[in-house]
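Q: Have a look at the structure that comes next, please.
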Amino acid sequence: MVLVTGKELLAVAKEKNFAIPAYNCGSGPLLNATLKACEEDQSPFIIAIHPDELSFLEDNFVASCIDAANKTKLPIAIHLDHGATYEQVIHSIQLGMTSVMIDKSLAPFEENIAITKKIVEAAHAVGVSVEAELGTIGNTGNNVEGGNQKGIYTAPEQAKEFVKRTGCDSLAVGIGTSHGLYPKGMQPKLAIDVLEEIVKETGIPLVLHGASNNLDSEIKAAVTHGINKVNISSDIKIAFAEKLRDELNDGNLEKREPNVLFPEPMKETEKVVHHKNQLFGAVDKAKYYFQ
């Protein structure tokens, strides 16, 4: 299927009350494993690429993502995750991404509005959708996405003003999650009451970042109450890395070929993707985009 924008994906998710999974596919094997699982589930999804991942993988990785997406029968968007500057966002649009995020959540409110509005004007001019962030996602200290050491809840009234003044298509909100894996003994509690108020005030699809390693019940409640996109990075990467360690430490010193080392880690990644697709209510939702 032809690539779609994030706005197109999330509009259906909002109407049907489910969440689009956004997977940070930071390598070819992760991308292929995610694609395979989503095709089996008939789950629409977003290929998310963080600027640090793009810097490592280089620009031609986006072309590989576009080619892979166009060979499926799924609605897929390719998304810049946590773009930090105007230049990063414009570059990602030039590469062919159909959705971009500008994250100025740590900047003062007016500065966040100004840069987001500028990016919305540029992106919308070429048919690309824009995600912004208000409030902050916590930071456990073991991730690339950043965030505040302690998350700050998004204020519903402020979110209403932000959306009206910027024209963003979706908004990442702070309701208690953190990027990365939580330290032992730490378990967040999501502020569903805050989420409900933001839903009422904004009227646009809302995004949950830092959703790896949270209780399934908490994430399911967030989706039920208005989250339409959930970002997953650490969970798929941990599954891949742990199985790869097993493969490397099995005593076979001749095991070195990628096509020998990577299949089992990819299968572990697929298991996580299947679970998240089910949790977010995205399984068998691709059909709604072909009507």
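The values are calculated or read from the model by the stated rules, or taken from the named source; none is laboratory data. All values reported here derive from a predicted model rather than from experimental measurement. Note that each Cβ is placed from the backbone with ideal geometry, even for glycine, and that neighbours are counted across all protein chains shown. Surface areas here come from the heavy atoms of the whole protein model, side chains and all, with no ligands, DNA or RNA. Shrake-Rupley method; radii C 1.70, N 1.55, O 1.52, S 1.80 Å.
Q: Looking for something of a type in the set (D, E, K, R), over 22 Å from residue 274 (Cα atoms), in a helix (DSSP H, G or I) and in contact (Cβ under 8 Å) with a residue 24 or more places away in the chain - is there at least one such residue anywhere in the stretch 46-62?
A: Looking for residues that are of a type in the set (D, E, K, R), over 22 Å from residue 274 (Cα atoms), in a helix (DSSP H, G or I) and in contact (Cβ under 8 Å) with a residue 24 or more places away in the chain, one finds at least one in the stretch 46-62, hence yes.
Q: Answer yes or no: is there a residue in the stretch 172-184 that is crowded, with 21+ Cβ neighbours inside 10 Å, in a helix (DSSP H, G or I) and modelled with pLDDT of 95 or more.
A: For the stretch 172-184, residues crowded, with 21+ Cβ neighbours inside 10 Å, in a helix (DSSP H, G or I) and modelled with pLDDT of 95 or more: absent.
Q: Can you list residue pairs whose Cβ atoms sit under 7 Å apart, with the first residue in the stretch 191-220 being closer than 26 Å to residue 49 by Cβ and of a type in the set (S, T, N, Q) and the second being part of a loop (DSSP other than H, G, I, E, B) and open to solvent by less than 10 Å² (accessible area, probe 1.4 Å)? Count only pairs 6 or more apart in sequence or on different chains.
A: These pairs meet every condition: 214/177.
Q: So how many residues does the stretch 261-291 have that are assigned to a helix (DSSP H, G or I) and either open to solvent by 70 Å² or more (accessible area, probe 1.4 Å) or under 13 Å from residue 34 (Cα atoms) (or both)?
A: Residues meeting the conditions: 16.
Q: Can you name the number of the only condition in (1) touching a residue at least 60 places away in the same chain (Cβ under 8 Å); (2) open to solvent by 10 Å² or more (accessible area, probe 1.4 Å); (3) in a loop (DSSP other than H, G, I, E, B) that residue 106 fails?
A: Evaluating residue 106 over (1) touching a residue at least 60 places away in the same chain (Cβ under 8 Å); (2) open to solvent by 10 Å² or more (accessible area, probe 1.4 Å); (3) in a loop (DSSP other than H, G, I, E, B) leaves (1) as the failure.
Q: Within the stretch 115-127, is there a residue that is under 20 Å from the mean Cα position of the chain (by Cα), farther than 30 Å from residue 68 by Cβ and either in a loop (DSSP other than H, G, I, E, B) or of a type outside the set (Val, Ile, Thr) (or both)?
A: For the stretch 115-127, residues under 20 Å from the mean Cα position of the chain (by Cα), farther than 30 Å from residue 68 by Cβ and either in a loop (DSSP other than H, G, I, E, B) or of a type outside the set (Val, Ile, Thr) (or both): absent.
Q: Scan the stretch 192-239 residue by residue and report those that are among the basic types (Lys, Arg) and in a helix (DSSP H, G or I). Explain how you work it out, then say what you get.
A: If we filter the stretch 192-239 for residues that are among the basic types (Lys, Arg), which is where we start, we get 200, 220, 229, 237.
Once the filter is applied, which keeps residues that are among the basic types (Lys, Arg) and in a helix (DSSP H, G or I), the stretch 192-239 yields 200, 220, 237.
Q: Cβ-Cβ distance below 6 Å, separation of 6 or more or different chains: which pairs start in the stretch 274-291 with a residue that is closer than 12 Å to residue 45 by Cβ and end on one that is part of a loop (DSSP other than H, G, I, E, B) and of a type in the set (Gly, Ala, Ser)?
A: 277/43; 280/19; 282/43; 283/43
Q: Quick one: how many residues across the stretch 82-98 are touching an Asp or Glu at 6+ places or on another chain (Cβ under 7 Å) and either open to solvent by 30 Å² or more (accessible area, probe 1.4 Å) or in contact (Cβ under 8 Å) with a residue 60 or more places away in the chain (or both)? Show your work before the answer.
A: We begin by selecting, within the stretch 82-98, every residue touching an Asp or Glu at 6+ places or on another chain (Cβ under 7 Å); these are 82-84, 95.
With the extra rule that they be either open to solvent by 30 Å² or more (accessible area, probe 1.4 Å) or in contact (Cβ under 8 Å) with a residue 60 or more places away in the chain (or both), the set shrinks to 82, 84, 95.
The number of residues fulfilling the criteria is 3.
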